[in-house]
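To start, the structure under review is shown below, and the notes come after it.
The values are calculated or read from the model by the stated rules, or taken from the named source; none is laboratory data. What you are looking at is a predicted structure, and each value in this text was computed from that prediction instead of being measured. For neighbour counting, all protein chains shown are included, and Cβ atoms are generated from backbone atoms with ideal geometry for every residue, glycine included. Remember, those area values only see protein heavy atoms, side chains included, never the ligands or the DNA or RNA. Shrake-Rupley method; radii C 1.70, N 1.55, O 1.52, S 1.80 Å.
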Amino acid sequence: MLKRVASGVLVHESEFLQSNSVVVQGQHGVLLIDPGITGQELAHLAQDLRELGEPVVASFSTHPHWDHMLWHEEFGDVPRYATSRCATLMREFLSNADWQDQIAEGLPPEHAEDIPMELLGLVTGLPAGATQIPWDGPAVRIIEHQAHAVGHAALVLEASRVLVAGDMLSDILMPFLDLAAETPIEDYLDALRLLEGVAGDTNAVIPGHGSVGGAEQLRARIVLDRAYVQNLRDGRTIDDPRVGPDALLEWLPDVHNWQVQRLAQTQ
């Protein structure tokens, strides 16, 4: 299940939306980033790590959406980190008596029966403004921003020169804005500037969903995402293969049109 994409970095791609679980190898075990998606996949991932002799020693969730907040008991009782804002939002969400019903509405029906909810979202917030994940392994720099979701974070794996982008810089999904935010357009453009600022430190990008890309693809995806968001802002026609007639996922044009309509209502 695991594919090595850089020195000390492995990825498992799920059947659901090409979701990527990222494994960062350290001296005494691994850092697990956004593990998913089905219970079967998570169990297989745990088995693969056991066969490699690599226990999970810590994890990180890039943002507070269900598909980035999953866990399996076979990973063990280890620190599960997130940004302070992300963890606060998850804690508030899980305090609702009907939180499982709320999530169930958005689960993919073909996988809904095999997505474990028992340990979802039990993350610990790092101190506000934290810039490093505290673990006994290669340095992992946190690039927090407010695009896509509250407390969203990209990660720079400094030794391996890899950018783990969370739900940004995908080759199959256009930017999904956090339309509940006060300034979703500005938030997204600010985040792209932050990611562009670390592009020179990285040779590869791992999106939350989609294909792993090299340095040239990283820069090309920043350009494509910026054009999409700017065209949304300016009300211009959007020429983006991810939402056009040849979109990989047939429902993406509908999501795009919904974003256009919601933004028009707020302007």
Checklist entry - Would a scan of region 132-148 turn up a residue that is open to solvent by 10 Å² or more (accessible area, probe 1.4 Å), without any contact (Cβ under 8 Å) to a residue 12 or more places away in the chain and on the phi < 0 side of the Ramachandran plot? => result yes
Next on the checklist: Go through region 204-219 and report how many residues are surrounded by 15 or more Cβ atoms within 10 Å (Cβ to Cβ) and more than 17 Å from the chain's Cα centre (by Cα).
Outcome noted: 3
Checklist outcome for this item: The condition of being touching a Phe, Trp or Tyr at 6+ places or on another chain (Cβ under 7 Å), open to solvent by less than 20 Å² (accessible area, probe 1.4 Å) and of a type in the set (A, V, I, L, M, F, W, C) holds, among Leu163, Leu120, Leu157, Leu70, only for Leu120
Checklist entry - Do we find a residue being surrounded by fewer than 12 Cβ atoms within 10 Å (Cβ to Cβ) and either of a type in the set (A, V, I, L, M, F, W, C) or over 22 Å from the mean Cα position of the chain (by Cα) (or both) anywhere in region 178-197? => result yes
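Looking at region 92-104 only, could you name the residues that are assigned to a helix (DSSP H, G or I) and open to solvent by less than 90 Å² (accessible area, probe 1.4 Å)? Quick ask: steps written out before the conclusion?
Going residue by residue through region 92-104, those that are assigned to a helix (DSSP H, G or I) are 92-94, 99-104.
Phe93, Leu94, Trp99, Gln102, Ile103, Ala104, listed by residue number.
Looking at this structure, is Ala227 more than 17 Å from the chain's Cα centre (by Cα), aliphatic (A, V, I, L, M) and open to solvent by 20 Å² or more (accessible area, probe 1.4 Å)?
Working: more than 17 Å from the chain's Cα centre (by Cα): yes; aliphatic (A, V, I, L, M): yes; open to solvent by 20 Å² or more (accessible area, probe 1.4 Å): yes.
Considered against the rule, which asks whether it is more than 17 Å from the chain's Cα centre (by Cα), aliphatic (A, V, I, L, M) and open to solvent by 20 Å² or more (accessible area, probe 1.4 Å), Ala227 comes out as yes.
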Item to check | Residue identified as farther than 23 Å from Val162 by Cα, under 20 Å from the mean Cα position of the chain (by Cα), modelled with pLDDT of 95 or more and surrounded by fewer than 23 Cβ atoms within 10 Å (Cβ to Cβ) among Leu107, Leu89 | outcome: Leu89
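Which of the following residues is outside any helix (DSSP H, G or I), farther than 22 Å from Leu169 by Cβ and at pLDDT 95 or above: Val57, Val5, Val24, Val11? Talk me through it step by step, then tell me what you get.
Numbers: Val5 fails: farther than 22 Å from Leu169 by Cβ; Val24 fails: farther than 22 Å from Leu169 by Cβ; Val11 fails: farther than 22 Å from Leu169 by Cβ.
So the residue among Val57, Val5, Val24, Val11 that is outside any helix (DSSP H, G or I), farther than 22 Å from Leu169 by Cβ and at pLDDT 95 or above is Val57.
Sort out which residues of region 220-265 are assigned to a helix (DSSP H, G or I), charged (D, E, K, R) and in contact (Cβ under 8 Å) with a residue 24 or more places away in the chain, and write them in order of number. Outline the logic, then answer.
Step one: filter region 220-265 for residues assigned to a helix (DSSP H, G or I), giving 220-234, 252-265.
Now drop any that are not charged (D, E, K, R), which leaves 221, 225-226, 233-234, 254, 262.
Those that are assigned to a helix (DSSP H, G or I), charged (D, E, K, R) and in contact (Cβ under 8 Å) with a residue 24 or more places away in the chain: Arg221, Asp225, Arg226, Arg233, Arg262.
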Next on the checklist: So, in region 205-261, how many residues would count as being at pLDDT 95 or above, of a type in the set (Ser, Thr, Tyr) and more than 19 Å from Leu179 (Cβ to Cβ)?
Outcome noted: 1
